[in-house]
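See below for the structure under consideration.
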Amino acid sequence: DEQNDTAENEETTRQIFYKQWYAKSSNSSNKQAAAAPMPNLDLKPNLVRGYHYEIIPREVYNALREWYGEVTPTICRRANKSATGVLSVPLYLLDDDSMIDYNSAKRTIYCGACRAPNVSRRCTRCLACYYCDRSCQENHWPFHKVECQVVKQDPDGSGQSQPVVPRQQPIPLSMGNVGLNNLGNTCFMNSALQCLSHAAPLTRLFLSGNFRQDLNTENPLGTGGKLANAYEQTLKELWMRSNARSTSPTMLKRAIALFAPRFAGFQQHDAQEFLAYLLDGLHEDLNRIREAPYVEMPDVEEEEDMAVAGSRAWDAHRRRNDSLVMDSFYGQFKSTCVCPQCNRVSVSFDAFNHVSLEIPQEQNAIVPLTVLLIRAATPSRPGSLPVRYAMHVRRDHPISHVKMELSRMSGIPRERLHVCECYDGVVARMFRDEHTVSMIKPKDMIVVYEAESMQNPRQESFHVLLKHRKPVPNPIGDSESSEEDLEAFGLPLLLSFPTKLSCREVWEHLWLVVQDKVDEEYRDRFKEVVQFRLHNGEERGIPAFTISAEGEPKQGGEESEVERTSLIPRDGRNSFQDCLWENAVNNYLNIIVEWRDLTPSESVEEKTPDDDGSASTMGSGAVIDEDRFVLLETHHSWIDAQAKRKEQSAARGVSLDQCFDAFVKPERLDERNKWYCSNCKQHVRAMKTMELWRLPNILVVHLKRFEFKNIVRRDKLDTLVHFPLDGLDMSAHAGRMGANQHHQQFVDESVPAEYDLFAVVNHFGRMGFGHYTAFARNWDENGISSDWHLFDDSSVRNVGSGTAGGHNAVVSPAAYVLFYRRKTWQ
């Protein structure tokens, strides 16, 4: 009896649950179900299909019930089938006040094509996809027609005609979370494309097809629309293809390679350079200006109203450039140059699509110093490779401390070390012992040479500054080159040799120093063509050597009607010092070693009787390889210093605000980037200041992590830059007005300069090598998503939501390019 009572109560409970669930799901007003008692009965959370429950067809369930019977009343729930074929069923009941009615409840519905929110136009065939307008629907049809199914008049199969019932939910959209296949070192392109595809205004323009209204196929600066069309196809594959995990951007890569050959092939490139080209190319293809007028941009004087001058310059720029890319990504720089001679101030305004920020480095009293040590050549050690060392010294310490530390690590006596600064193949400066380390700038290339002491030499010696030169390629094909047709390359050398050597011994010693710069297979033949020329420091030859009829150099004091030359005789037996005579000043000489490629006849061995007599082509070893002139070895001190610097930089880090503060600091232009002063009528090293004057709606920030300091220093900065995910306030970094202006800053108070981060390009590895990935999240007019996704070529995964989770994943020392969107658009 107790068992019967328990079974009866259990059956009653199930019946009540059935009535409650079925009544709520069908939204019926069954008074009997409402009057029934409401037990506290809930489904377990996190039920898993295939383990806790199963979805089966009605016919299968009817067969099972007929075969095995049914103890309790049937609980029927209609399963929903998505456009991708996935079945689902709403398991959990909600309270009456929060019950969702899919036909009337307010929810965000996105356009199936351009992903614009809050749309109401439906596909009249399936009633499951929404659009902004007919243009979006037509653009999406090639992808939607596979899923579009006509809604049946008899949805439950009862045979009775019923009104058309639309689908309860629209077709799920991919929202751009699709990977890009790597086509061969194209991770730089994939990461930039993923970030750019999450720029809502530009992506919406292409997905809706409205970009064709602006397509400018006649623009000589564009690609005839080919780049824009290829970019449209890539975006469609990312945003419109259902159930796609990844796609290949083959069409876009071909279009880019056609107009930018540097991105062709399978070489690794810089993601920021690719992004800058892509934005500029899309702008030119979508430029609404068909016939660009001539616009003159005069310099702005200091006394002018900068607000008016900046607006005038921007309007002049827009008369030639008008596109959605310009509206979204382009801002304006203000550049101020001050002449160091006449103090003339010149102001100019330039457009930009990204901001490159240097990462400030920690300025400690103790700084790391990288030096390159070149040892003296000896018969047992001819021309050894330079060795890269690193040491930590104080800025106020003298150069003698650098020599002392390097002597300790290398074993070379301190008095034989000479600290120099090299620049463009020449020794720009030689440091004395009393000079301080603070005179060395971070980008200076410091080379330390081993040679005889200049103050207290063990024997009387010549000190020689040896520079490498080779002929400048002649487009006419003339192989003859004069002294003026030579170009510098490689590292200069500082060496010494005794004054008592003969000309032949000097020539052999110089060859001993440089012979390792050419391939060993062709070394003997290069020795026949290389020349050493004595010059006066300005690379003008000094004809110090006289050639007799027998080819012997005579002493410089002998008067003779013979030819004089600046080339050091190779077989001269006379004393080198006697040949120089008055041309040797303080035993310091300047010598140029002149290299040239071997001709085919010079680069082959003498033919054997078995040879067929055909001329062989010149091998790669017979050509001057400039890379061999900058080869070096690395001491363990440099490796340890690099690892320690990365560890400290990653631990401390800098803020993005500090990077912007460093960007607006004045700097002195170097020799390669001189500014022309119209007042002085010459190029000068002006003091230049850059400022952000007009902020774009989408701000692209490039963190300059790669440093090309010189030919032997190519570093990557792994400093952690702390950047906000939400609420970046750029008003503090706006271009300030002059003291005589009544305006305080350029920011319009009605348009706050606050930005939210929506994408990041990451780089892992070192300069020239490594791997790119991207983080991105979706946004539109309604706000920005809190879910971040990691795009690693074809792999896409969610890495966290919310401010805390997103910050831990996104903010890292690998962040390279940041994408910010303005909260309030101009």
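The values are calculated or read from the model by the stated rules, or taken from the named source; none is laboratory data. Quick caveat, the model's predicted, so the values are computed rather than measured. FYI the Cβ positions are ideal-geometry reconstructions off the backbone, even for glycines, and counts take in every protein chain you see. Side chains are part of the model used for accessible areas, which takes the heavy atoms of the whole protein and leaves out ligands, DNA and RNA. Shrake-Rupley method; radii C 1.70, N 1.55, O 1.52, S 1.80 Å.
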Checking 322, 315 in turn, the sole residue that is of a type in the set (D, E, K, R) and open to solvent by less than 60 Å² (accessible area, probe 1.4 Å) turns out to be 322
Condition met for residue 273 (open to solvent by less than 60 Å² (accessible area, probe 1.4 Å), acidic (Asp, Glu) and under 30 Å from residue 763 (Cα atoms)): no
From 407, 380, 384, 346, grab the single residue that is at pLDDT 90 or above and among the hydroxyl-bearing types (Ser, Thr, Tyr). 407
Within the set of pairs 6+ apart or on separate chains, which have a first residue in the stretch 260-275 that is touching a residue at least 40 places away in the same chain (Cβ under 8 Å) and farther than 12 Å from residue 816 by Cβ, a second that is open to solvent by 100 Å² or more (accessible area, probe 1.4 Å) and in a loop (DSSP other than H, G, I, E, B), and C-beta atoms under 8 Å apart? 268/769
If you take the residues of the stretch 195-227 that are in contact with a Gly (Cβ under 8 Å, 6 or more places away or on another chain) and in a helix (DSSP H, G or I), which of them is farthest from residue 111 (Cα to Cα)? 227
Would you mind listing the strands (runs of 3 or more DSSP E) fully within the stretch 359-448 where at least 1 residues are closer than 20 Å to residue 640 by Cα and open to solvent by 30 Å² or more (accessible area, probe 1.4 Å)? 366-374, 387-394
When the stretch 294-331 is examined, which residues are found to be in contact with a Lys or Arg (Cβ under 8 Å, 6 or more places away or on another chain), at pLDDT 90 or above and not small (Gly, Ala, Ser)? 322, 326
Residue among 739, 809, 814 that alone is modelled with pLDDT under 85 and within 21 Å of residue 179 (Cβ to Cβ): 809
Which one of these is at pLDDT below 70, farther than 30 Å from residue 146 by Cβ and among the hydrophobic types (A, V, I, L, M, F, W, C): 105, 33? 33
Would you check if there is a residue in the stretch 792-802 being polar (S, T, N, Q), farther than 12 Å from residue 177 by Cβ, assigned to a strand (DSSP E or B) and modelled with pLDDT under 90? yes
Looking at (1) within 28 Å of the chain's Cα centre (by Cα); (2) modelled with pLDDT of 90 or more, which is the only condition residue 288 fails? (1)
Give all pairs with beta carbons closer than 9 Å in which a residue from the stretch 773-791 that is acidic (Asp, Glu) meets a residue that is open to solvent by 40 Å² or more (accessible area, probe 1.4 Å) and part of a strand (DSSP E or B); count only pairs at least 6 apart in sequence or on separate chains. 780/110; 787/798; 787/801
Name the pairs: first residue in the stretch 560-574 and at pLDDT 80 or above, second residue of a type in the set (S, T, N, Q) and not in a loop (DSSP other than H, G, I, E, B), Cβ to Cβ under 6 Å, at least 6 apart or on different chains? 567/531
Counted residues in the stretch 520-544 being closer than 16 Å to residue 509 by Cα, open to solvent by 70 Å² or more (accessible area, probe 1.4 Å) and touching a residue at least 40 places away in the same chain (Cβ under 8 Å) come to 2
Show the residue pairs meeting these rules: Cβ distance below 8 Å; 6+ apart or different chains; first residue within the stretch 444-457 and without any contact (Cβ under 8 Å) to a residue 12 or more places away in the chain; second residue small (Gly, Ala, Ser) and open to solvent by less than 20 Å² (accessible area, probe 1.4 Å). none
